[in-house]
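What follows is a single structure, written as structure tokens, with notes after it.
The values are calculated or read from the model by the stated rules, or taken from the named source; none is laboratory data. Everything numeric in this text was worked out from a predicted model, so none of it was measured. Here the Cβ is made from the backbone with ideal geometry for all residues, glycine too, and neighbour counts use every protein chain on show. To get the accessible areas, we keep the full protein, side chains included, count just its heavy atoms, and leave off ligands, DNA and RNA. Shrake-Rupley method; radii C 1.70, N 1.55, O 1.52, S 1.80 Å.
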Amino acid sequence: MEKTEAKSKIQTLSLEINKHNHLYYVLDKPIISDGQYDLLLKELKELESIFPEFLLPNSPTQRVGSDPLPSFEQVSHEIPMLSLGNAFNDQDLGNWHKRISSSINSHKFEIACELKFDGLAVSLLYENGIFVRGATRGNGSTGENITLNLKTIKSIPLTLTGNPPSLLEVRGEVFIPKSQFLAMNKKREKEGLQTYANTRNTAAGSLRQLDSKITAERPLDIFIYGVGSSNSLDFNNSHWDNLQKLKLFGFKVNPHNELVKNLESATNFYKKWLSEKESIDYDCDGIVFKVNQINSQEILGSVGREPRWAIAYKFPAEQAVTKLLDIQTNIGRTGSINPYAILEPVEVGGVIVRQATLHNEEYIASKDLRIGDWVTVERAGEVIPQIVHRDQSRRNGSEIIFKMPSICPNCSAITSRIENESALYCTNAQCPAQLERLLEHFVSKVAMDIDGLGIKTTTSLIDNGLINDVSDIYFLDKNHLENIDRMGEKSINNLLDSIEKSKSKPFSRMITGLGISHVGSEVAEILANEFKNIDSLMNVTVEELQQIPSIGPKIAISLVDFFQKETNRRIIEKLKTAGIKTEVDNQNTKSHNNLLNQQKFVVTGKMENFSRNEIQNLIKENGGLVTNQVSNSTNFLIAGSDAGSKLNTAIENNVTILTESEFLEMISS
Ligand code: IVH
């Protein structure tokens, strides 16, 4: 194909795909099948790969996520992102209405009624109709640049339609639909993973991923609820008009918004949605009322961060009163003893609740909960119900104070607390209940993905002494398995097959499978990429770990503690013997050797021939460790031109200083 022809084909395909995106994700009215849509996208991708010079950053193919960022940049909001004052009853709302009437000298003013979505506020900036920057609200004045993550949300237009002004910043709420959230949790439960607590935190966590490929996998959606700033005077009439204009530009605006003329109609809108909020597929925690005329909004202004012209009338959280019948504990895969409440079954917002989480001993003490108490249970969009308080007046003296068990309810080993953590732990690394949870996790889809090891089989293997730690899975043979109930020849063969296959799973899966506290699959991938092999990871220090973006102190301490334990080191050795992958695949990287023998390097200043990143990769490929700070454990500082304070620190600490070429010579030998 000719260049000019390709260019125009890329343009028409992009327009066509954008149109179908809008029909599907914004209007919920697709006119072609998913298959036809995929074909269009495939055609565009192919053309863009042959003619990369015509690939635009706002192409519909650019929604799949990009390389991970080291951190988010700060964004300052030219017009602050405000929050809202609350009304909790009709009287609060009436007072708000009165205040406005007297300020603008009229009780006749239109009110825009909108659902209040329970998600995360974002700002989207468009220049000449093209999405150029997206940010979180942050503290209202400064947020974080999350453009790459927002690009993955299909209901956010990358190119606007109609006649948008050359500068337009809109605001809206990112959320996860309830149905998608439930499906996500169901899947996680099946895979033996901890389920997410609620849609709001999951949406927030998804938007704050440095790796936008992870965000791309999350079912995020958005509703736009207003204009932030613009260089056009077209948005100065009324809020309602503005929303209609935003729709024409391709934004997703909630279809249930209504413009009303008086307080009574506003109250009716609230009542209607109080009873109907369960019928919509997103969490809605109240109604936002906004004075419609922009000039009235300007007269009213704001107090602090709260505009006088808008208010959020919150829905009451779903609550019910019931009796706390008992407090029991279960054991997590890290050995944590987790207390939970057994409740007299009660209906809360359409769901029968029998249990509630109690987190840990501190939580129980802070609420002074006793067995026999009458308690209020709340489900506020949360999947796991919480106890919010107890009723002192209904105590009769028979209530029993709960004590966390001093011995493990499963294996009777002594329990103990770890410094700075509120959880209590079973101290027996071989605790059968803990081992069961851990095995469940080790074989799950996110870890080694071994089929055929259900709970019952696992329990029998542990009871028969065939499995004492996760690595024993790899030393099972036919003879062992024949003695286990329910294991016929076929299921034995399938299981052994699946165990064998798991040996070729990537290194990060093994890290995930170890079940280290705070180290889930996302962190495991970061660690695998950073350390390349298990030996480097086992010998890392807390300080070195904390140099890695997205690894905080909790993760760092937990990892180092884990690898310090002799039992864990033995398990790793056994896993190595079994032949599972304990390093990253190297097909794509240069050969990996241990020339630099785990010595610690810091790189500073400008290099001549390489970027800093490339030098750091060279260090790692040759078996060295890279850290950011010079300390007395640093072996070498590679200093380029304009090296700053790190060079001085290195000289003071007698660290060997290398030039770029000295380092290259070192690894070429
Ligand atoms: S208007 C007046 N409209 O609620 C400027 N906010 O508590 C405030 N929210 O940070 C924003 N739905 O994240 C507005 N229809 C809606 C909203 C909404 C949810 C959130 C928004 C804001 C918070 C304020």
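Observations on the structure shown:
- Subset of region 317-326 that is open to solvent by less than 50 Å² (accessible area, probe 1.4 Å) and of a type in the set (A, V, I, L, M) - its residue that is nearest to the ligand (Cβ to nearest atom): Ala317
- Test: residue in region 86-107 that is within 33 Å of the chain's Cα centre (by Cα), outside any strand (DSSP E or B), more than 15 Å from the ligand (Cβ to nearest atom) and surrounded by 17 or more Cβ atoms within 10 Å (Cβ to Cβ): no
- Count - residues of region 498-515 that are open to solvent by 20 Å² or more (accessible area, probe 1.4 Å) and outside any helix (DSSP H, G or I): 4
- Given (1) of a type in the set (A, V, I, L, M, F, W, C); (2) open to solvent by 50 Å² or more (accessible area, probe 1.4 Å); (3) modelled with pLDDT of 95 or more, index of the condition Val174 fails: (2)
- Positions within region 13-33 being exposed (fewer than 11 other Cβ atoms within 10 Å of the Cβ) and part of a helix (DSSP H, G or I), in sequence order: none
- Filtering Lys501, Lys532 for residues that are among the basic types (Lys, Arg), modelled with pLDDT of 90 or more and closer than 25 Å to Asn628 by Cα leaves a single hit, Lys532.
- Filter result for the condition that a residue is out of contact with any helix residue (DSSP H, G or I) (no Cβ under 7 Å at 6 or more places or on another chain) and acidic (Asp, Glu), over Asp497, Asp485: Asp497
- Which listed residue, of Arg390, Arg379, Arg305, Arg395, is open to solvent by 70 Å² or more (accessible area, probe 1.4 Å) and basic (Lys, Arg): Arg305
- Hey, Glu489 within 33 Å of the chain's Cα centre (by Cα) and farther than 24 Å from Ile551 by Cα or not: no
- Lys590, sole failed condition from (1) modelled with pLDDT of 90 or more; (2) touching a helix residue (DSSP H, G or I) at 6+ places or on another chain (Cβ under 6 Å): (1)
- Residue identified as open to solvent by less than 30 Å² (accessible area, probe 1.4 Å), touching a Ser or Thr at 6+ places or on another chain (Cβ under 9 Å) and more than 16 Å from the ligand (Cβ to nearest atom) among Pro157, Pro165: Pro165
- Hits in region 241-278 (condition: crowded, with 20+ Cβ neighbours inside 10 Å, out of contact with any Leu (no Cβ under 9 Å at 6 or more places or on another chain) and over 24 Å from Asp118 (Cβ atoms)): Lys245
- Some residue of region 221-228 being open to solvent by less than 50 Å² (accessible area, probe 1.4 Å) and under 13 Å from the mean Cα position of the chain (by Cα): no
- Region 132-144, residues that are surrounded by fewer than 20 Cβ atoms within 10 Å (Cβ to Cβ) and either modelled with pLDDT of 95 or more or aromatic (Phe, Trp, Tyr) (or both): Val132, Arg133
- When residues of region 198-219 are limited to those that are open to solvent by less than 20 Å² (accessible area, probe 1.4 Å) and part of a helix (DSSP H, G or I), the one farthest from the ligand (Cβ to nearest atom): Ser212
- Meets criteria (touching a Pro at 6+ places or on another chain (Cβ under 6 Å) and part of a loop (DSSP other than H, G, I, E, B)) for Pro60: no
- Qualifying positions in region 635-669 - under 15 Å from Lys600 (Cβ atoms) and among the charged types (D, E, K, R): Lys646
- Restricting attention to region 181-197, the residues that are in a helix (DSSP H, G or I) and open to solvent by 20 Å² or more (accessible area, probe 1.4 Å) add up to 8.
Conditions (1) on the phi < 0 side of the Ramachandran plot; (2) touching a residue at least 24 places away in the same chain (Cβ under 8 Å); (3) buried (at least 18 other Cβ atoms within 10 Å of the Cβ); (4) assigned to a loop (DSSP other than H, G, I, E, B), marked per residue:
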{"position": "Phe563", "(1), (2), (3), (4)": "yes, yes, no, no"}
{"position": "Asn568", "(1), (2), (3), (4)": "yes, yes, no, no"}
{"position": "Lys576", "(1), (2), (3), (4)": "yes, yes, no, no"}
{"position": "Leu618", "(1), (2), (3), (4)": "yes, yes, yes, no"}
{"position": "Gln629", "(1), (2), (3), (4)": "yes, yes, no, yes"}
{"position": "Thr634", "(1), (2), (3), (4)": "yes, yes, yes, yes"}
{"position": "Asn654", "(1), (2), (3), (4)": "no, no, no, yes"}
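- For region 382-461, the strands (runs of 3 or more DSSP E) that sit wholly inside it and include 2 or more residues that are in contact with a strand residue (DSSP E or B) (Cβ under 7 Å, 6 or more places away or on another chain) and of a type in the set (S, T, N, Q) are 415-417.
- Failed item, numbered, when Pro60 is tested on (1) open to solvent by 40 Å² or more (accessible area, probe 1.4 Å); (2) in contact (Cβ under 8 Å) with a residue 40 or more places away in the chain: (1)
- Selected residue (only one of Gln546, Gln598 is under 19 Å from Ser631 (Cβ atoms) and either surrounded by 16 or more Cβ atoms within 10 Å (Cβ to Cβ) or under 24 Å from the mean Cα position of the chain (by Cα) (or both)): Gln546
- Among residues of region 113-142, those that are more than 11 Å from the ligand (Cβ to nearest atom) and assigned to a strand (DSSP E or B), counted: 11
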